[in-house]
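Worksheet: the structure to be examined is printed underneath.
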Amino acid sequence: MPPPVRTPRRSWIDAGLALLAQEGPDAVRVEVLAQRLGVTRGGFYRQFEGRSDLVTAMLDEWEQRSIDEVRARVEAEGGDVQSRVTRAGALTFSDELVPLDLAVRDWARRDSDVAARLRRVDTRRIGFLRELLGAVCEDADEVEARALLAFSLAIGTHVIAADHPGPRQRVVRDATRLILDGVTPV
């Protein structure tokens, strides 16, 4: 008899992240995930000690995708500061990651552990922007202000529902340019 097929840990994490993005943290339950994966609940407990173990793994994966993968790609692709900052924002808040990011932000309002994780991730994101901007600007206060504005624009773009007189993409591009133009060179 062949050995039983085991659902890989990664499949549970990916299914959990998809469910979180679609329906929120309360929907991330073992029985729901097992049903979505077409497996029994028993397979879950071969991969995880419990739901909290899964949640930690999900948040680890979100952090890795949102920070480490974005940073690696931005650094590998290079370019000037404006293109790197723009690329970091586009990758961080891509169509794939933004629903997950918004779900984590909503979840953090009700869960102090998730709030602490979000604070760490956002601090790392702002830190990366500081590094990028600090390479072309020696004024630490200016770097901090521009990093905060750029990060606020990236998040705000996904939560502000206002209409614009032109295409939203153009408005965001112009706002990014305004934030990054005139950076005092080092």
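The values are calculated or read from the model by the stated rules, or taken from the named source; none is laboratory data. Because the structure is a prediction, the values reported are computed rather than measured. Quick reminder, even Gly has a Cβ in these numbers, built from the backbone with ideal geometry, and neighbours come from all protein chains shown.
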(request) Kindly list the number of the only condition in (1) out of contact with any Ser or Thr (no Cβ under 7 Å at 6 or more places or on another chain); (2) modelled with pLDDT under 90; (3) not polar (S, T, N, Q) that fails for Asp122. (result) (2)
(message) Which numbered condition in (1) more than 17 Å from the chain's Cα centre (by Cα); (2) of a type outside the set (Lys, Arg); (3) under 25 Å from Ala147 (Cα atoms); (4) assigned to a loop (DSSP other than H, G, I, E, B) is the only one that Ser94 fails?
(response) (1)
(request) Could you check, for segment 52-73, whether at least one of its residues is of a type outside the set (Val, Ile, Thr) and not in a helix (DSSP H, G or I)? (result) no
(request) Identify, by number, the condition in (1) in contact with a helix residue (DSSP H, G or I) (Cβ under 6 Å, 6 or more places away or on another chain); (2) β-branched (Val, Ile, Thr); (3) in a helix (DSSP H, G or I) that Thr123 doesn't meet. (result) (1)
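Can you confirm whether segment 102-116 contains a residue that is within 11 Å of the chain's Cα centre (by Cα) and either surrounded by fewer than 19 Cβ atoms within 10 Å (Cβ to Cβ) or not in a helix (DSSP H, G or I) (or both)?
Checked against the condition, which is being within 11 Å of the chain's Cα centre (by Cα) and either surrounded by fewer than 19 Cβ atoms within 10 Å (Cβ to Cβ) or not in a helix (DSSP H, G or I) (or both), segment 102-116 yields at least one hit.
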(request) Please enumerate the residues belonging to segment 64-78 that are under 21 Å from Val143 (Cβ atoms) and in contact with a helix residue (DSSP H, G or I) (Cβ under 7 Å, 6 or more places away or on another chain). (result) Ile67, Val70, Arg71, Val74
(request) Hey, could you check segment 149-161 for residues that are in a helix (DSSP H, G or I) and in contact with a helix residue (DSSP H, G or I) (Cβ under 7 Å, 6 or more places away or on another chain) and say which is farthest from Asp174 (Cα to Cα)? (result) Phe151
(message) Any residue that is of a type in the set (Ser, Thr, Tyr), part of a loop (DSSP other than H, G, I, E, B), more than 28 Å from Ile126 (Cβ to Cβ) and out of contact with any Pro (no Cβ under 6 Å at 6 or more places or on another chain) - is there at least one of those in segment 11-25?
(response) no
(message) Tell me yes or no: at least one residue of segment 50-71 is surrounded by fewer than 18 Cβ atoms within 10 Å (Cβ to Cβ), under 23 Å from Val30 (Cα atoms), acidic (Asp, Glu) and more than 15 Å from the chain's Cα centre (by Cα).
(response) yes
(request) Kindly provide the set of residues from segment 72-83 that are buried (at least 16 other Cβ atoms within 10 Å of the Cβ) and modelled with pLDDT of 90 or more, ordered by number. (result) Val74
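Go over the candidates Ala162, Ala135, Ala140, Ala154 one by one and state the one that is surrounded by fewer than 17 Cβ atoms within 10 Å (Cβ to Cβ), touching a residue at least 24 places away in the same chain (Cβ under 8 Å) and among the small types (Gly, Ala, Ser).
Ala135
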(request) Considering each of Thr56, Thr7, Thr40, Thr86 in turn, give the residue that is modelled with pLDDT of 95 or more, at negative phi and of a type outside the set (A, V, I, L, M). (result) Thr56
(message) Return the residues of segment 102-145 that are among the acidic types (Asp, Glu) and over 20 Å from Pro25 (Cα atoms); say none if nothing qualifies.
(response) Glu131, Glu138, Asp139, Asp141, Glu142, Glu144
(message) I'm told Ala145 meets every condition in (1) at pLDDT 90 or above; (2) touching a Pro at 6+ places or on another chain (Cβ under 6 Å); (3) surrounded by fewer than 18 Cβ atoms within 10 Å (Cβ to Cβ) except one. Can you identify the failing condition by its number?
(response) (2)
